[in-house]
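Just so it is clear, none of the values below were taken in a lab; they were calculated from the coordinates. Values in this document were obtained by computation on a predicted structure and should not be read as measured data. Methodologically, a virtual Cβ is constructed for each residue, glycine included, from the backbone with ideal geometry; neighbour enumeration extends over all protein chains shown.
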Amino acid sequence: MPTSPAIAAALLAYAAATDNRNVTEEAARGWAAALDERVTPADGKAAIDTHRATSTDWLMPAHVNAEVRRIRRARADAMGEVNPPAELADRPDMENAWRREYTRAICSGEEPGAATKRACDALGIAVPQQLDSPRRFGELGQLVRRPPETDQEAS
């Protein structure tokens, strides 16, 4: 399922603030078809900011997709060990499904508590009272932006 034209239009409008592109309905539909379905408005804007800080190339959906993949990968790498609810220990299929949902939520930028709730809701189980959070979101959120390289740093 592609990104919605509304999200694509919002990202195009954000990009237009720095490159004066024309945001049309056709452009929004084209970008929606080209953007990865996991591009969120916040991650898309972060990707545009990174592109603007590190490249003089005309911004294309492929640039946004690549940076959003990097952002999501960084969040997944920083996530650490995931501890599903103990009640799933003897149910490996459900435990794996819980891990996938939790990881998907973290990679999308959700806080660990919200990711736990989303994973539990997806499986139709109650959120445990005491569940070890693998990392504080503040640490994961810091991974969204990579500092821009300057010409001086590159030499």
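Quick look at the numbers
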read-out: FRET efficiency, 1/(1 + (r/R0)^6) with R0 41 Å, evaluated for Glu87 and Ala62 via beta carbons; value: 0.45
read-out: ³J(HN,Hα), Karplus 6.51/-1.76/1.60, whole Hz, each residue of the stretch 117-124, x for Gly, Pro; value: 4, 4, 5, 5, 4, 4, 9, x
read-out: Karplus-derived 3J(HN,Hα), 6.51/-1.76/1.60, for each residue of the stretch 30-46, Hz, glycine and proline x; value: x, 5, 4, 5, 8, 6, 5, 5, 8, 6, 9, x, 5, 5, x, 5, 4
read-out: Relative contact order %, the stretch 5-77, counting alpha carbon pairs below 8 Å whose residues are six or more apart; value: 30
read-out: Unit charges at the beta carbon, dipole of the stretch 5-77: most positive-side option, Trp31, Ala62, Ala74; value: Ala74
read-out: Distance between modelled label sites at Ala76 and Arg21, nm, 7 Å Cα→Cβ extension; value: 2.6
read-out: Other-chain or far-sequence residues with amide H under 5 Å of Leu35's (modelled H); value: Thr3
read-out: ³J(HN,Hα), Karplus 6.51/-1.76/1.60, whole Hz, each residue of the stretch 49-61, x for Gly, Pro; value: 4, 5, 4, 4, 7, 10, 8, 9, 5, 5, 5, 10, x
